[in-house]
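Chemist: First, the structure itself, so that you have it in front of you.
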Amino acid sequence: MSGARPLVRLERHGEGGHVAELVLDRPEAMNAVSTDMARALAAATGELAEDETVRAVVVSSTHERAFCVGADLKERNSFTDDELRAQRPLARAAYRGVLDLPVPVVAAVDGFALGGGFEIALSCDLVVAGEGATVGLPEVSVGVIPGGGGTQLLTRRVGWSKAASMVFTARRLTAAEARDLGVVDEVVPSGSARERALELAGTIASHSPVGVRNAKKAMRLGFDTDLAAGLDIEDECWAATAFSGDRAEGVAAFAEKRRPMWPGR
C-alpha cells in the first residue's frame, strides 16, 4: 500500500462498536480504485468478515463530491496486457470482499458513484444516496464492460431491461432517477447519506446478530434457486438461529419486557 493514508479505513460506531464504517479515503483521485486501493479494500473487508463483533457495515467516502469514480484509468492506461491480467484477481477480490460480507452492508453515496464505484455500492445490501448523487455504469463508453459485479448485481436488483438500458447506453442517473428505477433504496438531502446509513446500520445492529446474519445468508443463497430449494435453505438457517443463545435471550427479553442483551452466538 502506498501513500501516507491507508486508502481504506475502518471506524467503529455505537454502543459496543457493533457498527463498522468502511471509509474510502483516496480523495485526491476521487477514490478511483488503484491496485493499492483494491488491495486495501480486500484486506479491510477480510478483517470485517472475520470479526464476529461486527453486526452491520456502512461504506462511505471522505470526498464530499464522490463516493468512488471507479477504476483508476490513469493507472490502467500504463498497464501492459500481462499487467492488466495480473491485476484482475486483486480487483475481483476487492469487490467480492464487499459482496461477501456476512452482515448487512449499507452504502452511503454522495456525489459520483460511477463504474467500479457504483459496483461497490451495488455489492451492498442497501444504498442510500444524497440528492446530488450521480450513479452509472459507463464502462462500454471506454471499451470495457462492468467487471466488479455490475452486469450481475444490477440485473438482479432491477431486472433485465432496466439494467440493459443503463449498461448498453452508459447513461448516468440522478439520485431521483435511480430511486425511481430501484437502483438505490433511499434518497436523502445532499451531504446526509452517511448519517442516514449509520442510522440504518445502528437499527440493524440492535437486533439479533445471529438472526440477522442467518437471514442474510438465507436470502442470498436462496435468491437464484427454485422455491423448494430456497425453502430448504431457509429451514437450515432457521435451525441455526432457533437453537442459538440469541433466540433464548430474545424470547426471555420479550417475556420480561426488557431490551435483549444478545450473546451473538
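Chemist: Which condition number does VAL58 fail, the rest of (1) farther than 19 Å from LEU24 by Cα; (2) touching a Leu at 6+ places or on another chain (Cβ under 6 Å) being met?
Modeler: Only one criterion is unmet by VAL58, namely (1).
Chemist: Would you confirm, using the coordinates I've provided, whether THR241 is on the phi < 0 side of the Ramachandran plot, at pLDDT 95 or above and open to solvent by 50 Å² or more (accessible area, probe 1.4 Å)?
Modeler: In short, no.
Chemist: Got a number for residues in segment 45-83 being open to solvent by 10 Å² or more (accessible area, probe 1.4 Å), over 18 Å from VAL212 (Cβ atoms) and under 13 Å from the mean Cα position of the chain (by Cα)?
Modeler: Qualifying residue count for the region: 1.
Chemist: While we're here: What residue, of ASP100, ASP110, is under 16 Å from the mean Cα position of the chain (by Cα) and surrounded by 19 or more Cβ atoms within 10 Å (Cβ to Cβ)?
Modeler: Of ASP100, ASP110, the one residue that is under 16 Å from the mean Cα position of the chain (by Cα) and surrounded by 19 or more Cβ atoms within 10 Å (Cβ to Cβ) is ASP110.
Chemist: While we're looking at this one, here's another question. Exactly one condition in (1) within 27 Å of VAL58 (Cβ to Cβ); (2) assigned to a helix (DSSP H, G or I); (3) open to solvent by less than 50 Å² (accessible area, probe 1.4 Å) is not met by VAL183; state its number.
Modeler: Condition not satisfied by VAL183: (2).
Chemist: Six or more apart or on different chains, Cβ under 9 Å: which pairs go from a residue in segment 215-227 that's open to solvent by less than 90 Å² (accessible area, probe 1.4 Å) to one that's aromatic (Phe, Trp, Tyr) and assigned to a helix (DSSP H, G or I)? Could you list them?
Modeler: From segment 215-227, the pairs are ALA218/TRP238.
Chemist: Run down MET219, MET261 and say which single residue is in a loop (DSSP other than H, G, I, E, B), out of contact with any strand residue (DSSP E or B) (no Cβ under 8 Å at 6 or more places or on another chain) and of a type in the set (A, V, I, L, M).
Modeler: Matching residue, one of MET219, MET261: MET261.
Chemist: Go through segment 10-41 and give me each residue that's of a type outside the set (A, V, I, L, M, F, W, C), closer than 13 Å to HIS63 by Cβ and either outside any helix (DSSP H, G or I) or touching a Leu at 6+ places or on another chain (Cβ under 7 Å) (or both).
Modeler: Of everything in segment 10-41, those that are of a type outside the set (A, V, I, L, M, F, W, C), closer than 13 Å to HIS63 by Cβ and either outside any helix (DSSP H, G or I) or touching a Leu at 6+ places or on another chain (Cβ under 7 Å) (or both) turn out to be ASP25, ARG26, ASN31.
Chemist: Among ARG213, ARG220, ARG194, ARG157, which is the only one that is more than 30 Å from PRO263 (Cα to Cα) and basic (Lys, Arg)?
Modeler: Answer to the selection: ARG157.
Chemist: Please go through segment 1-37 and pick out each residue that is closer than 25 Å to GLY202 by Cα, out of contact with any His (no Cβ under 7 Å at 6 or more places or on another chain) and open to solvent by less than 30 Å² (accessible area, probe 1.4 Å).
Modeler: Within segment 1-37, LEU7, VAL8, GLY17, ALA20, LEU22, VAL23, LEU24, ASP25 qualify.
Chemist: Would you check which residues across segment 186-201 are in a helix (DSSP H, G or I) and either open to solvent by 30 Å² or more (accessible area, probe 1.4 Å) or touching a helix residue (DSSP H, G or I) at 6+ places or on another chain (Cβ under 8 Å) (or both) and list them?
Modeler: ARG194, GLU195, ARG196, LEU198, GLU199, LEU200
Chemist: Of all the residues that make up segment 131-150, how many are assigned to a helix (DSSP H, G or I), buried (at least 17 other Cβ atoms within 10 Å of the Cβ) and either at pLDDT below 95 or not small (Gly, Ala, Ser) (or both)?
Modeler: Matching residues across segment 131-150 total 1.
Chemist: So ILE120 fits all but one of (1) touching a helix residue (DSSP H, G or I) at 6+ places or on another chain (Cβ under 7 Å); (2) open to solvent by 10 Å² or more (accessible area, probe 1.4 Å); what number is the exception?
Modeler: Condition (2) is where ILE120 drops out.
Chemist: While we're looking at this one, here's another question. Go through ALA176, ALA240, ALA163 for me and flag whichever is part of a helix (DSSP H, G or I), over 26 Å from ALA32 (Cα atoms) and out of contact with any Gly (no Cβ under 8 Å at 6 or more places or on another chain).
Modeler: Step by step, each of ALA176, ALA240, ALA163 is checked, and only ALA240 is part of a helix (DSSP H, G or I), over 26 Å from ALA32 (Cα atoms) and out of contact with any Gly (no Cβ under 8 Å at 6 or more places or on another chain).
Chemist: Among the numbered criteria (1) out of contact with any Gly (no Cβ under 6 Å at 6 or more places or on another chain); (2) at pLDDT 95 or above; (3) of a type in the set (D, E, K, R), which single criterion is violated by ASP110?
Modeler: Here ASP110 clears every test but (1).
Chemist: For ALA40, state whether it is open to solvent by 30 Å² or more (accessible area, probe 1.4 Å), more than 21 Å from ALA178 (Cα to Cα) and touching a Pro at 6+ places or on another chain (Cβ under 8 Å).
Modeler: Taking the combined requirement at face value, the residue does not satisfy it.
The values are calculated or read from the model by the stated rules, or taken from the named source; none is laboratory data. Just so we're clear, the structure is a prediction, and the values are computed from it rather than from any experiment. Neighbour counts are summed over all protein chains in view; Cβ atoms, including those assigned to glycine, are modelled from backbone coordinates with ideal geometry. Keep in mind that these areas ignore ligands, DNA and RNA; they rest on the heavy atoms of the full protein, side chains included. Shrake-Rupley method; radii C 1.70, N 1.55, O 1.52, S 1.80 Å.
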